[in-house]
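The next block holds one structure in the form of structure tokens; read it before the comments.
The values are calculated or read from the model by the stated rules, or taken from the named source; none is laboratory data. Keep in mind it's a predicted model, so treat the numbers as computed, not measured. Cβ coordinates were reconstructed from backbone atoms using ideal geometry, including for glycine residues, and neighbour counts include every protein chain displayed.
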Amino acid sequence: MSKVVIIGGAGHVGTYLVPRLVEAGFDVTNVTRGQARPYTRHAAWARVTQVTLDRSAEEAKGAFGAAIAALHPDIVIDMICFVPESNAQLAKALAGKVSHFLHIGTIWVHGPSETVPTRESDPRRPFGDYGVNKSLIEDDLLARARLGTLPATVIRPGHIVGPGWAPLNPAGNFNPQVFRDIQAGKPLSLPNFGLEAVHHVHADDVAQAVMGAITHWSGAVGEAFNAVSPAAVTLRHYAEAMFRFFGHEPKVSFQPFEQWRVSVAAEDAQATWEHIAHSPCHSNAKAARLIGYAPRYTSLQAVQEAMERLPQ
């Protein structure tokens, strides 16, 4: 039985991935700070070994990579790596010791797209700390894979959504009041003409992509894969669909972003700017071809399932 160590496995994707791994016959160890709990209960968690480690504290001592290696994994899945230094410590410790290393990245490694849907091979022009750091991590891991020192794969999710947490909303931010206003049939103002895109993915579809990469090892090592819904949605279409989902005719208006931003909280305006500046629309074709990726949820299906299970 192959041993999988998943770092940060009780989060959004891990809620679905850990049961998939257990049911596939893997011996699963979840490394966590001990604070998170899966969003959805599943009997498989009773068969998971829990190891409590504070990643930041262990990394500060230079000990985190060695602690993971000491668990003697065959496969390591890193869900929560955000800076190159953190990745380098772990990758160095695992070199020559694992059969597969999977890093959960982000579609934001691309920054503005040149063509859409954006493919993994298209030029990357990331901006912002998150996108830039994730791009540097990806470069490092894929270089190690090419050199044969670490058999690495990168999975790039879109805007992850699922039951238990509020999705990215039609205004391009995470303020739950936007959904409450739509549910009440109140008018919604969007920036610009609402034609920028967002690209969601259900957390279980990301888990499916990870399982596909493990199953299709030879096609996955040394590669990065987009893991998104079958199609992105524009903010306008997203907003109109959610009005109808709640039984209302859409009441959507538009303002230039600089005018729109003064009507919302500064943190919401910043989140919206980041999303519309990226305006992601990505292709799944490579993942379908090499690792059998076939997302079950459209963007709207994923969001609507989450809305049905949000506490009122």
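Overview of results
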{"item": "Residue check for His216: of a type outside the set (A, V, I, L, M, F, W, C) and surrounded by 24 or more Cβ atoms within 10 Å (Cβ to Cβ)", "result": "no"}
{"item": "From the options Glu240, Glu258, Glu267, residue that is charged (D, E, K, R), in a helix (DSSP H, G or I) and either crowded, with 16+ Cβ neighbours inside 10 Å or modelled with pLDDT under 95 (or both)", "result": "Glu240"}
{"item": "Test: residue in the range 264-274 that is among the hydroxyl-bearing types (Ser, Thr, Tyr) and more than 15 Å from the chain's Cα centre (by Cα)", "result": "yes"}
{"item": "Residue tally, condition exposed (fewer than 14 other Cβ atoms within 10 Å of the Cβ) and part of a loop (DSSP other than H, G, I, E, B), over the range 281-309", "result": "3"}
{"item": "Subset of the range 52-63 that is surrounded by 15 or more Cβ atoms within 10 Å (Cβ to Cβ) and touching a Ser or Thr at 6+ places or on another chain (Cβ under 8 Å) - its residue that is nearest to Glu23 (Cα to Cα)", "result": "Leu53"}
{"item": "Residue check for Gln50: in the same structural domain as Ala209 (by TED's automatic domain parsing) and out of contact with any strand residue (DSSP E or B) (no Cβ under 7 Å at 6 or more places or on another chain)", "result": "no"}
{"item": "Scan of the range 210-219 for residues that are hydroxyl-bearing (Ser, Thr, Tyr) and either touching a residue at least 12 places away in the same chain (Cβ under 8 Å) or part of a strand (DSSP E or B) (or both), ordered by number", "result": "Thr215"}
{"item": "Failed item, numbered, when Ala10 is tested on (1) surrounded by fewer than 21 Cβ atoms within 10 Å (Cβ to Cβ); (2) assigned to a loop (DSSP other than H, G, I, E, B)", "result": "(1)"}
{"item": "Residue in the range 14-29 that is in contact with a Ser or Thr (Cβ under 8 Å, 6 or more places away or on another chain), loosely packed, with under 15 Cβ neighbours inside 10 Å, in contact (Cβ under 8 Å) with a residue 60 or more places away in the chain and assigned by TED's automatic domain parsing to the domain that holds Lys134 present", "result": "no"}
{"item": "Single residue of the range 81-129 satisfying the filter (basic (Lys, Arg) and touching a Ser or Thr at 6+ places or on another chain (Cβ under 6 Å)) that is nearest to Val210 (Cα to Cα)", "result": "Arg119"}
{"item": "Listing of strands (runs of 3 or more DSSP E) fully contained in the range 92-204 that carry 1 or more residues being surrounded by fewer than 17 Cβ atoms within 10 Å (Cβ to Cβ)", "result": "188-191"}
{"item": "Some residue of the range 26-42 being over 17 Å from the mean Cα position of the chain (by Cα), more than 19 Å from Asn87 (Cα to Cα), modelled with pLDDT of 95 or more and assigned to a loop (DSSP other than H, G, I, E, B)", "result": "yes"}
{"item": "Answer from Gly222, Gly247 - the residue that is among the small types (Gly, Ala, Ser), farther than 25 Å from Val13 by Cβ and part of a loop (DSSP other than H, G, I, E, B)", "result": "Gly247"}
